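The values are calculated or read from the model by the stated rules, or taken from the named source; none is laboratory data. Keep in mind it's a predicted model, so treat the numbers as computed, not measured. Virtual Cβ from ideal backbone geometry, glycine too; neighbours counted across all protein chains shown. Areas reflect the complete protein model, heavy atoms only, side chains present, ligands, DNA and RNA absent. Shrake-Rupley method; radii C 1.70, N 1.55, O 1.52, S 1.80 Å.
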Amino acid sequence: MRMNRLELIMHKKNMTQNDLSKLTGISQNDISKIINDRKDIYLTTAQKIARAVGEKVDYIWYDY
């Protein structure tokens, strides 16, 4: 299975979807949908996630 960049970052930081959910205030269900590309996200949501994992939005979503 191929991981997207957000999954790779989370894996390197030993971060679960639940951890990311707690850090961002985004539901775990929505985190899962975002990771699996089943949910479009707003820039503000992308910024919350990027801040939580310590990366820039355009690094995580290079086509954003």
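Just one of the numbered conditions (1) open to solvent by less than 70 Å² (accessible area, probe 1.4 Å); (2) part of a helix (DSSP H, G or I) is not true of HIS11; which one? The single condition HIS11 does not satisfy is (1).
Close contacts from segment 36-64, counting a first residue that is open to solvent by less than 70 Å² (accessible area, probe 1.4 Å) and a second that is assigned to a helix (DSSP H, G or I) and not aliphatic (A, V, I, L, M), with Cβ to Cβ under 7 Å and a gap of 6+ residues or different chains, come to ILE49/THR24; ALA52/THR24; VAL57/GLN47; ILE60/ARG5. I need the full set of residues from segment 18-31 which are assigned to a helix (DSSP H, G or I) and either open to solvent by 50 Å² or more (accessible area, probe 1.4 Å) or within 15 Å of ILE60 (Cα to Cα) (or both), in order please. Within segment 18-31, ASN18, ASP19, LEU20, LYS22, LEU23, GLN28, ASN29, ILE31 meet the criteria.
Residues in segment 13-28 that are hydroxyl-bearing (Ser, Thr, Tyr), free of Cβ contacts under 8 Å to residues at least 24 places away in the same chain and within 17 Å of GLN47 (Cα to Cα): SER21, SER27.
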